[in-house]
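Here's the structure, in structure tokens; my notes come after.
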């Protein structure tokens, strides 16, 4: 469990603020995360990494000379939003383009790609790359679906060193891919971790047992076995990771023994001491060693083993000096000496205030009611937050309730703040959606941001809201969700509840029913479909590697959607009475 916090919902912001204050010589605050204290030299590629909080030294702790230019910092175990990634990238880009790189998780992929596309649309060179070293999360023939965990450090380090060496963006991306293709990791856990403010861990391991193939977001292992001695554990991990040695990889490899939070360094040294003879036995030359915490999972008691197969070029870049708060290698001298004659920058305040344009009186009244509905949405999610977290923890990472609460709260607060300036429905909902996405992060943040954006744009700022425009907005938002997330009915996602809602609402309104009556009928169809997801196997997202565990449990995203539309339907009906 976490022992020190104020408001668990603001854990990541407060932790990031304290991190910046403690390491002001290395980093500065930027909207959405942190950046190097010094600017990226003109024409040099900037490397932006990122992910959820709870993994220190990943990700903010890897910002500094020789490593990342900046890091986007999401909520605990949740992807940073596309806006956060974009903000960090804009803060560090300086004419050479930017590589946005992180682990291969659905929310991270959505948000980092969203930031990349926005940067490209503005004329910046930008590419994304996602690390996939976790051998437990997919079979070798589906390696592109694997998660990125401890060996992702090698991807970030080599890419950053190549960028500092003056390599082009295409060359940096190619090197990142080459390193990733030669990374393999497997982790085990002896106990789960507990999110800030939660009373129970995301998963438990019976006494004397250990989970095999755990993730870094509290995902339980894909298997379980008796706890082993260090020598036996070393043999098990080595056998699994070495068995996936890439074809043509040669005989040299970096070895990472990574602590996931509660396993102490002395224990990791014992494990490495037992791994060394295995490498010698199998003819592996250990070209580099890292023993310690590289990427953690709060206080999870666990450890992972990574092998990173190297050639001369990769090894050269790996051995280049780096100086960050959480990872250091060699000597980089002063930052000025490392980066050249560059400007030292100060912390950046949040983005400028939202612009509110002209709106009709009818649209302003619709905006006022929309703000009330968002308050209802937030209250509903807050009431069911723990339940949603428990559902998500069965086969995922347990953060759905927290992420939804943060997003809904941000949307409701933004709407209330805007009301003082007389916005139309479009402005209020679009900006509320942006706030939801920015604060929730992860996949749910992108999806709900898209939904509110679609509804708002259909309502507009210059006309009265009508049942037809509401239906059009819901359809527009749903199309965006499908396009962005790539999910379809049957994949065991929120779309399983969204699709019947949209179809039923359209049919009801087209047949002459009022918006309230049609909405309630659609909400009933959505609730039934959400409950039916308990019989489905997940095909996307973090629950996919643990598909069998999710049988009998409905999808948390589908349930949260059904809860929200049901509460909104009741509010609509009360207004008509």
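The values are calculated or read from the model by the stated rules, or taken from the named source; none is laboratory data. Fair warning: this is a prediction, and the values are worked out from it, not measured in the lab. Using ideal geometry, Cβ is built from the backbone for each residue, glycine included, and neighbour counts are taken over all protein chains shown.
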TODO: Identify all residues within the stretch 381-390 that are modelled with pLDDT of 90 or more and under 23 Å from residue 51 (Cβ atoms); write none if there are none.
DONE: 385, 388
Task: Hits in the stretch 144-191 (condition: in contact with a strand residue (DSSP E or B) (Cβ under 6 Å, 6 or more places away or on another chain) and in a loop (DSSP other than H, G, I, E, B)) - done: 146, 147, 148, 149, 150, 151, 182
TODO: Might you check whether a residue that is surrounded by fewer than 24 Cβ atoms within 10 Å (Cβ to Cβ), outside the structural domain of residue 73 (by TED's automatic domain parsing) and not in a helix (DSSP H, G or I) occurs anywhere in the stretch 380-401?
DONE: no
Task: Among the candidates 463, 410, residue that is within 28 Å of residue 554 (Cα to Cα) and touching a residue at least 12 places away in the same chain (Cβ under 8 Å) - done: 410
Task: Enumeration of residues in the stretch 365-378 that are in contact with a helix residue (DSSP H, G or I) (Cβ under 8 Å, 6 or more places away or on another chain) and either surrounded by 22 or more Cβ atoms within 10 Å (Cβ to Cβ) or over 13 Å from residue 429 (Cβ atoms) (or both) - done: 366, 367, 370, 371, 374, 375, 376, 377, 378
- [ ] Kindly indicate whether residue 61 is within 29 Å of residue 165 (Cα to Cα) and in a strand (DSSP E or B).
- [x] no
Task: Segments classed as helices (runs of 4 or more DSSP H), wholly inside the stretch 455-543, with at least 2 members that are under 29 Å from the mean Cα position of the chain (by Cα) and under 27 Å from residue 220 (Cβ atoms) - done: 495-510, 515-532
Open item on the list: Quick check on the stretch 229-251. Is at least one of its residues outside any helix (DSSP H, G or I), at positive phi and surrounded by 23 or more Cβ atoms within 10 Å (Cβ to Cβ)?
Closed with: no
- [ ] Could you list all residues from the stretch 294-308 that are farther than 18 Å from residue 147 by Cβ and crowded, with 19+ Cβ neighbours inside 10 Å?
- [x] 301
Open item on the list: Residue under question is residue 350, and the condition is that it be modelled with pLDDT under 80, over 15 Å from residue 64 (Cα atoms) and within 31 Å of the chain's Cα centre (by Cα); does it hold?
Closed with: yes
